[in-house]
């Protein structure tokens with residue numbers, strides 16, 4: 001993989017997960033884990049932004065919150081939320 005396309009380590013796709021595409025549960029688990037990780041990263045960014053004093057912070061927080069809502073809705077809509085994930 002060309003890591004120069006992902007200069008920040010937090011944006012690099014994880015290569016340590018073994019996903020068997022021929023197994024439905026493996027794919028569901030992988031997608032769930034990936035989306036939850038993305039949500040956690042966005043939540044951490046919001047926490048950091050709240051400590052920052054800059055004029056663009058409210059706009060960025062709002063955008064991140066919308067992204068979080070969409071990702072959580074995706075998990076629920078596709079039955080990938082933790083209560084239903086099997």
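The values are calculated or read from the model by the stated rules, or taken from the named source; none is laboratory data. Keep in mind it's a predicted model, so treat the numbers as computed, not measured. Heads up, the Cβs are rebuilt from the backbone with ideal geometry, glycines too, and the neighbour counts pull from every protein chain shown.
Would you call residue 41 in a helix (DSSP H, G or I), surrounded by 11 or more Cβ atoms within 10 Å (Cβ to Cβ) and at pLDDT 85 or above? Explain how you work it out, then say what you get.
Working: in a helix (DSSP H, G or I): yes; surrounded by 11 or more Cβ atoms within 10 Å (Cβ to Cβ): yes; at pLDDT 85 or above: yes.
In short, yes.
Looking at residue 29 and the list (1) over 20 Å from residue 74 (Cα atoms); (2) modelled with pLDDT under 95; (3) under 15 Å from the mean Cα position of the chain (by Cα), which single condition is not satisfied?
Result: residue 29 passes all but (1).
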